[in-house]
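Colleague: The following block contains the structure, expressed as structure tokens.
The values are calculated or read from the model by the stated rules, or taken from the named source; none is laboratory data. Just so it is clear, the model here is predicted, and its values are computed rather than measured. Positions of Cβ are backbone-derived with ideal geometry, glycine not excepted, and every protein chain shown enters the neighbour counts.
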Amino acid sequence: MSGIFDGLDISISGMRAERRRMDVIATNIANAQTIGPDGPYTRKTVVFQEVLGSLSEDGRAEGDGGVRMGRILEDRKSEHPKVFMPGHPNADGEGFVRLPNVDVMFELVDMAIARRSYQANLQAFRTYRSMVQDAVRNMSTR
């Protein structure tokens, strides 16, 4: 059954998803220079999933809606840059080392976008909360 607080839950789901997205971005930045024994770190990306509520028999919305972070995928599209470092333990036969495919500037822009999305969800939460409070006040004065 749909409730008065569903709007709050939707905003909370958006904030939770953006927080997790920021965690993935922070991990990418932290590993921007990581080269392990199995090769360089590969940048991660997140996939959001829309969460739709169901409809009851009379056509009313039921259940939660919002968004959630679905999967965390490795970025296989961008290439790992190669740098000539003949003395490096991970250098290939020609002296080149593959570096992580993390562009810190891109990650910072992505983090700014995630921050703005988080703030938008927070503002929607506050606005909806204020509307519910006004409705409750109006109901109690009748």
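Colleague: Among the residues of the range 63-94, what is the count of those that are in contact with a Leu (Cβ under 7 Å, 6 or more places away or on another chain), surrounded by fewer than 13 Cβ atoms within 10 Å (Cβ to Cβ) and of a type outside the set (A, V, I, L, M, F, W, C)?
Modeller: Residues meeting the conditions: 0.
Colleague: Select from the range 112-142 the residues that are more than 15 Å from residue 8 (Cα to Cα) and surrounded by 17 or more Cβ atoms within 10 Å (Cβ to Cβ) and write down the one among them that is nearest to the chain's Cα centre (by Cα).
Modeller: So the residue we want is 114.
Colleague: Follow-up question, since we're still on this one. Tell me, which residue of the range 65-111 that is within 21 Å of residue 17 (Cα to Cα) and in a loop (DSSP other than H, G, I, E, B) is farthest from the chain's Cα centre (by Cα)?
Modeller: Here the answer is 65.
Colleague: Considering only residues of the range 44-64 that are under 15 Å from residue 9 (Cβ atoms) and modelled with pLDDT of 75 or more, which is farthest from the chain's Cα centre (by Cα)?
Modeller: Among those residues, the one meeting the criterion is 51.
Colleague: Return the pair list, or none, for Cβ contacts closer than 7 Å from residues in the range 93-113 that are touching a residue at least 12 places away in the same chain (Cβ under 8 Å) and of a type in the set (D, E, K, R) to residues that are in a loop (DSSP other than H, G, I, E, B) and surrounded by 16 or more Cβ atoms within 10 Å (Cβ to Cβ), at least 6 apart or on different chains.
Modeller: 98/80
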